[in-house]
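The values are calculated or read from the model by the stated rules, or taken from the named source; none is laboratory data. Predicted model, so just to flag it, every value in this text is computed and none were measured. Note that we place each Cβ from the backbone using ideal geometry, even for glycine, and neighbour counts take in every protein chain shown. Surface accessibility is based on the protein's heavy atoms, side chains included, excluding ligands, DNA and RNA. Shrake-Rupley method; radii C 1.70, N 1.55, O 1.52, S 1.80 Å.
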Amino acid sequence: MLTPDETAALALSLRVAAISVIVSLPFALALAWVLSRTRVPGRALIEALLFLPLTLPPVVTGYALLVLFGRNGAIGQWLAAAGIVFAFRWTGAVLAAAVMGFPLLVLSIRVAFDNLDRRLERAAETLGAGAWRRFWTIVLPLSSGGILAGCVLAFARAFGEFGATISFVSNIPGETRTLPIAIYELMSVPGGEAGVQRLTVVAFAVALAATLIAALLGGALWRRRADD
């Protein structure tokens, strides 16, 4: 059984991960569509920037978020004037998690779009279906497996985010102390081994469930593609 503090850290991690995926999904759909269906100038640069959070040390990503979205940051000072604050708030943890999970989300959706039979879209176009109608009635339903798999992977990545989060929002009990931060803190406290073990089991269970679901969804997508 988890202590109240451990339960709070778990609940915060689940909330942060879920909200980060929900907020990221519309942007991921748009970017995946651009990369899959268009030949926009600077595409290589866009892809490089997209995967930058996966190649940079997470602490560097967190520091970059602090520089940009801190109260005195290039973007943060304008947001603060409007009453929107990210640094050292749970909303900042959502932003950090979204940035770290975004590449996985876009990649999964793009693969789903790339493997869609475009003859169906062309047939719908000849019948008078516009671009938006084709997207909502053909592309999204037939790509749902890949989209869901991407959401699950992004959720798992956001749930386990540590480096960017602690650099951007620090470790504030009840506000920004997510499950990975709680594990790190318990590791440095005498007698915290039991708590580390409990939270590690929880983290392992969530990660295993997420990867298993993503694998099943991805496998279903490839089987459907093979059948087609």
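Of all residues in the range 27-66, which are of a type in the set (Ser, Thr, Tyr) and either open to solvent by less than 40 Å² (accessible area, probe 1.4 Å) or assigned to a loop (DSSP other than H, G, I, E, B) (or both)?
SER36, THR38, THR61
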- Query: When the range 19-60 is examined, which residues are found to be within 16 Å of the chain's Cα centre (by Cα) and among the hydroxyl-bearing types (Ser, Thr, Tyr)?
  - Reply: SER20, SER24, THR55
- Inspect all residues belonging to the range 2-10 and state whether any of them is closer than 24 Å to VAL202 by Cα, open to solvent by 50 Å² or more (accessible area, probe 1.4 Å) and in a loop (DSSP other than H, G, I, E, B). yes
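With THR91, THR126 as the choices, which residue is out of contact with any helix residue (DSSP H, G or I) (no Cβ under 8 Å at 6 or more places or on another chain), surrounded by 14 or more Cβ atoms within 10 Å (Cβ to Cβ) and among the polar types (S, T, N, Q)?
Numbers: THR126 fails: surrounded by 14 or more Cβ atoms within 10 Å (Cβ to Cβ).
The match here is THR91.
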- Message: What's the total number of residues in the range 160-195 that are surrounded by fewer than 19 Cβ atoms within 10 Å (Cβ to Cβ) and more than 19 Å from THR61 (Cβ to Cβ)?
- Response: 13
- Task: Go through the residues of the range 67-75 one by one and say whether even a single one is modelled with pLDDT under 95, open to solvent by less than 70 Å² (accessible area, probe 1.4 Å) and among the aromatic types (Phe, Trp, Tyr).
- Result: yes
